[in-house]
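The values are calculated or read from the model by the stated rules, or taken from the named source; none is laboratory data. Note that the structure is predicted; figures quoted are calculated from it, not measured. Backbone-built Cβ (ideal geometry, glycine too); neighbour counts: all protein chains shown. Just so you know, the surface numbers come from the protein's heavy atoms only, side chains and all, with ligands and any DNA or RNA stripped out. Shrake-Rupley method; radii C 1.70, N 1.55, O 1.52, S 1.80 Å.
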Amino acid sequence: MGSGTGWFPVALLLLAASILSPRVVAAAAAGGEAEHAVQQHSERISGSAGDVLEDNPVGRLKVFIYDLPRKYNKKMVTKDPRCLNHMFAAEIFMHRFLLSSAVRTLNPKEADWFYTPVYTTCDLTNAGLPLPFKSPRVMRSAIQYISNKWPFWNRTDGADHFFVVPHDFAACFHYQEEKAIERGILPLLRRATLVQTFGQENHVCLKEGSIIIPPYAPPQKMQAHLISPDTPRSIFVYFRGLFYDTGNDPEGGYYARGARASLWENFKSNPLFDISTDHPATYYEDMQRAVFCLCPLGWAPWSPRLVEAVVFGCIPVIIADDIVLPFADAIPWEEIGVFVEEKDVPKLDTILTSMPIDDILRKQRLLANPSMKQAMLFPQPAQPRDAFHQILNGLARKLPHPKGTYLQPGDKRLNWTAGPVGDLKPW
């Protein structure tokens with residue numbers, strides 16, 4: 001068990017600090033210069049990361065949107081509006097954003113990038129979970145359509161095209177890692193730029209040059225649950241979610257690589273850890289009352305908790321080895337979060353209670369930066385420096401396209417018959 005007595009006095013000190021209002025704590029930490037401390041409640045990110053976060057992509061790239069038949073996008077949402085609210089909905093809102101964006105061009109000859117609006121996650125079970133089994137055929141069908149109707153895919157085999165693929169394991173199109181690895185990235189997408197939520201170093205489902213984005217979390221819903229920024233952070237560690245997935249992992253140990261099970265076994269009785277499988281109506285409010293919010297891996301390394309923690313100013317404790325985080329060139333994750341290796345979960349209490357208060361306060365000031373929160377959200381309508389604009393910044397930084405993007409006449413790099421037999425069936 002991750003307990004004992006050595007951490008307890010430190011934990012009490014930290015907990016005493018956390019129950020003060022963030023502004024009062026900041027003032028106290030400044031040695032009595034209360035007014036100055038309140039003014040510095042939010043801290044700008046220093047160096048190049050801050051500049052990248054505040055970049056304006058308009059004028060730096062032009063995007064052509066393929067006009068696809070409605071069956072690839074809008075008809076799917078009409079059939080099942082739940083697609084608008086699940087954590088994979090970035091593919092829908094990115095399409096809507098681009099349709100009215102200043103970077104859109106109606107002249108494909110002047111485009112830097114080509115975008116194919118296909119909603120591969122909008123096929124939900126009764127429980128609201130996306131089924132990935134049709135996704136490869138939907139994607140292949142869309143690519144076949146654009147390659148037959150326009151000349152632009154064929155001149156690069158997709159190297160100047162980008163696709164939003166927010167599945168658990170992105171363009172590997174499966175929710176179980178073992179199956180996703182076995183499938184690999186859909187062969188037709190291997191030259192395209194993938195905009196995806198999944199990110200893990202040295203993984204077959206993350207190709208070089210991909211843009212990692214946050215999962216979709218409903219901005220209006222979170223806005224409706226905001227509480228006063230002066231509310232004391234009286235919860236030390238907070239987590240709500242599964243610890244075991246007996247339905248898909250009956251023997252245990254495979255789900256979350258055992259990290260969530262370890263959390264429960266070690267800290268279910270620890271008074272500093274408010275962890276449970278219950279999901280209360282006050283979930284968002286509770287996160288705003290917490291100092292640390294746990295963001296462990298599940299079936300995939302990412303989850304909406306990361307977005308929620310940043311938006312609500314709760315220091316994210318990231319437990320997912322080798323994770324690649326959203327917009328890592330713009331958001332200084334090492335400075336705002338705490339990284340804990342999966343094997344060190346039993347020592348989590350010691351790790352968190354031994355953190356210097358100054359470090360905690362600085363992380364809270366950085367998290368209070370509005371630009372940090374904005375970069376994690378897909379608001380409607382779009383706003384400067386939001387996740388839409390961070391994606392465009394990522395695409396703009398890839399320009400000009402490297403040598404080898406444009407193929408010689410007759411040159412083909414993709415194998416249209418590669419992949420599992422089931423993927424090759426017509427959709």
Other residues with Cβ under 13 Å from the Cβ of K62 give, with Lys and Arg +1 and Asp and Glu -1, a net charge of 0
How far is helix 357-367 tilted off the main Cα axis of the chain, in degrees rounded to 10, range 0 to 90? 40
Summarise the accessible area of segment 219-374 (1.4 Å probe, protein heavy atoms) by the percent that is carbon and sulfur. 53
Report, in degrees rounded to the nearest 10, the 0 to 90 angle that the Cα long axis of helix 387-396 makes with the longest principal axis of the chain. 50
Compute the signed sum of charges (Lys and Arg +1, Asp and Glu -1) over the other residues within less than 12 Å, Cβ to Cβ, of D322. -3
Proximal charge balance of L206 [Cβ under 15 Å; K/R count +1, D/E count -1]: -3
For a Förster distance of 41 Å, can you work out the FRET efficiency between the beta-carbons of K71 and E208, rounded to the nearest 0.05? 0.80
Given a cut-off of 21 Å, what percent of all Cα-Cα pairs of segment 242-306 lie beyond it? 26
Given N residues in segment 132-240, what is Rg(Cα) / (2.2 N^0.38 Å)? 1.43
In what sequence, highest mean first, do 63-71, 346-354, 208-216, 290-298 appear when ranked by Cβ atoms within 10 angstrom? 290-298, 208-216, 346-354, 63-71
For the chain, cysteines with no other Cys Cβ under 4.7 Å from their own Cβ are listed as C295
log₁₀ of I(q)/I(0) at q = 0.19 Å⁻¹ - segment 219-374, Debye sum with one point per alpha carbon: -1.28
The chain: percent of C-alpha pairs farther apart than 30 Å? 45
Cut-off 19 Å, label 7 Å out along Cα→Cβ of T125, residues of segment 79-93 by amide N: 80-89
Can you give me the angle between helix 135-149 and the longest principal axis of the chain, using Cα atoms only, in degrees from 0 to 90, rounded to the nearest 10? 40
Just want to confirm a number: the relative contact order over segment 219-374, from Cα pairs under 8 angstrom separated by 6+ residues, in percent. 22
